[in-house]
Structures are given as structure tokens and as C-alpha cells.
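The values are calculated or read from the model by the stated rules, or taken from the named source; none is laboratory data. Model, not experiment: these values are computed from the prediction. Every residue, glycine among them, receives a Cβ derived from its backbone with ideal geometry; neighbour counts consider all protein chains shown. When the accessible area is computed, the model is the full protein with side chains, heavy atoms only, and any ligands, DNA or RNA have been set aside. Shrake-Rupley method; radii C 1.70, N 1.55, O 1.52, S 1.80 Å.
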Amino acid sequence: PAEYSGLAVGNHELRVVAKDSAGNADPTPATYAWTVVAPDSEAPQTSITEGPTDPTNHTDALFRFTAEAGASYECSLDGGAYTDCGSPVGYTDLAAGEHTFSVRATDASGNTDASPATHAWTVDTAAPDTEITDRPADPSKGDFVEFGLAGSDTLTGAGALDYQCRLDDAPWVDCADPKAYAGVTAGPHTFEARAVDKAGNVDPTPASYAWTVDNAAPETTIASGPQSTSSSPTASFSFSSEAGVSYECSLDGGAFEACTSPADYSDLAVGDHSFAVRATDAAGN
């Protein structure tokens with residue numbers, strides 16, 4: 001080979017002409033051009049421009065990175081040995097848990113980045129669990145119902161959970177704890193909630209609660225009582241309503257107090273009297 005040394009900084013060109021034994025010269029010499037640059041002792045800076053979100057439920061990861069022009073790269077996954085790589089570089093079938101990717105550039109002068117660019121993330125493929133902690137009574141009135149929500153997640157923690165809710169067959173919507181509804185119509189209903197962790201895993205078995213909304217007040221009927229005019233200082237009232245109700249009675253406009261049928265009164269004074277009774281059903285109507 002032809003060797004040259006002590007070349008100055010700048011552009012250079014080598015031209016080679018071949019001659020045969022008869023003295024004929026190649027009319028199209030071979031040429032090679034190159035540039036000698038000043039010595040470079042400054043290490044390149046490596047930057048990661050793309051990587052997986054943290055956390056993620058994807059077991060594959062793709063990284064893009066950059067440094068100065070002409071640099072070569074070495075990559076390391078989870079503290080392993082650095083190996084030659086190029087941008088982009090991908091990894092597949094990563095295990096659940098924490099991972100770290102590092103990349104360092106080496107420039108054309110042989111200087112290597114002493115502070116590799118690093119990206120840490122967590123692979124979370126475990127779905128969270130959801131629990132309904134508070135719920136309306138069954139039955140309940142539908143003017144306002146509220147549900148308390150809680151969840152657990154093995155990897156990222158319960159504090160990192162979001163929730164989605166739906167009432168009956170409505171679409172799933174984002175919701176928060178607690179979730180409330182107003183003006184729920186009378187009849188049977190089902191509320192469902194599912195937790196979503198920060199990696200995007202959704203609880204495949206939503207928590208569910210079924211109950212009945214009763215917005216109709218019960219009808220109370222007095223079946224028997226004293227004659228409109230009576231000489232007796234005692235009075236007995238029999239009354240009824242729908243099954244499962246409780247009663248409150250009031251005599252002569254007094255406060256309503258819990259009572260049962262029959263309601264009996266004695267030592268009544270001479271004069272006019274009035275009796276009132278009201279029923280409250282299990283829903284609170």
C-alpha cells in the first residue's frame with residue numbers, strides 16, 4: 001500500500017495511474033478524496049428521543065436516539081454488557097417489572113460518551129381489582145345515589161388507579177371516587193365499576209351492585225277509629241299500608257312519633273281531637 005504521514009489539516013486527494021510494461025498509462029486515474037480534521041478530545045452527548053411510556057403494559061420496547069453526525073452507538077439493557085446498536089433498536093418479550101435502557105455514542109475520533117443516556121420504565125401486565133365500598137340501600141329513592149370505589153394493583157399501587165363506571169347498559173365513562181347519580185328512574189338498576197391502572201390494564205371483572213329504585217310514596221289508610229262523636233275518653237285506630245313500611249302517628253297536631261297498628265289513646269279530654277298517621281317505606285318515601 002501507499003502510505004503518507006504528517007498530512008496537514010484540510011482536504012486531500014490521492015490519484016493513482018497504472019502503467020503496463022509497454023508504457024501505456026491509464027487515461028482515467030483512480031482517485032480518493034478525504035479530509036483531515038483537527039484532533040477532537042470532546043466526548044459526544046447522547047440523547048434518547050423515543051422510548052416506552054412508564055409504566056406500560058406492552059412487553060416490547062422501541063428506542064430512538066441521537067448524537068453528533070458520524071457517531072456509532074452501544075446499547076445496554078438492564079445493566080447488561082454494552083453491544084453495538086443503531087437507532088432505532090427494539091426489544092421483545094420483556095418480563096413484567098422494572099427495566100433500564102442505556103445508550104452511549106462514540107464519535108469519529110474515538111471519544112465515548114462517559115454519561116450514557118438512560119431511560120427507566122416498568123412493564124405492568126397485571127390487571128387491577130375493583131371494589132364498591134359504599135352503595136345505596138336496596139330499595140332506595142332515586143333522587144341521589146352515591147357509590148364509593150376502591151381498587152388494588154399489585155405493581156403500580158392503588159393510588160395510581162383511575163376508574164370507569166356505567167349505569168345499567170350505558171357506555172363506560174371515566175369516573176372518580178365517589179360516583180353519584182341524580183334523578184334515577186324507578187325500577188331495577190345495576191351499577192358497575194372497573195379500575196384502570198397507569199399502564200392501561202383494565203379490570204376484566206368489574207365490581208357490580210344491583211338494586212331497586214322506589215320513588216313512589218306509600219298510601220296509608222285508616223281502617224277503624226272512634227265515632228265522630230263519642231263519650232269515651234279512649235280511642236283506638238287501626239291502619240295499614242304496603243308491606244315493609246314503618247309508621248308515625250300524631251295526635252291533635254302533635255309531633256309524629258313511631259307507632260304501630262292499632263294505636264291506642266286514653267284519658268282524652270272532652271272536646272275535638274284529630275289523629276294522623278303516615279307510613280315510610282324501605283326506600284325512605
Item to check | Sorted peptide list for 85-97, 193-205, 28-40, criterion being average Cβ within 10 angstrom, highest first | outcome: 193-205, 85-97, 28-40
Item to check | Segment Ala186-Arg64, extension gain: residue separation times 0.36 nm, minus the distance between their alpha carbons | outcome: 38.2 nm
Next on the checklist: Probe radius 1.4 Å, ligands and nucleic acids ignored: give me the carbon and sulfur share of the accessible area of segment 106-236 as a rounded percent.
Outcome noted: 49
Item to check | Stretch gain in nm, segment Tyr4-Ala216, where the contour uses 0.36 nm per residue and the Cα spacing is subtracted | outcome: 66.0 nm
Checklist entry - Using alpha carbon coordinates only, what is the Rg to Rh ratio of the chain, with Rh defined as the Kirkwood radius? => result 1.51
Next on the checklist: If the elastic network links every pair of Cα atoms under 10 Å, which of Phe101, Phe191, Phe237 fluctuates the most in the Gaussian network model of the chain?
Outcome noted: Phe237
Item to check | Å² per residue, accessible surface of segment 169-213 at 1.4 Å | outcome: 51
Checklist entry - Can you give the charge dipole size of segment 1-96 about its Cα centre, rounded to the nearest 20 debye, using +1 on the beta carbon of Lys and Arg and -1 on the beta carbon of Asp and Glu? => result 400
Checklist entry - How large is log10 I(q)/I(0) at q = 0.11, 0.13, 0.20 Å⁻¹ when the Debye formula is applied to the Cα atoms of segment 168-285, each weighted equally and without solvent? => result -0.59, -0.68, -1.09
Next on the checklist: Tell me which of Ala216, Gly51, Phe65 sits at the most positive position along the dipole axis of the chain, charges placed on C-beta atoms (Lys, Arg +1; Asp, Glu -1).
Outcome noted: Phe65
Checklist entry - Ordered by residue, what ³J(HN,Hα) values in Hz, to whole numbers, does segment 110-115 give under the Karplus form 6.51 cos²θ - 1.76 cosθ + 1.60, where θ = phi - 60° and Gly and Pro are x? => result x, 7, 10, 4, 7, 10
Checklist entry - Given a 1.4 Å probe and the protein chains all in place, what does the accessible area of Ile132 round to, in Å² to the nearest 10? => result 10
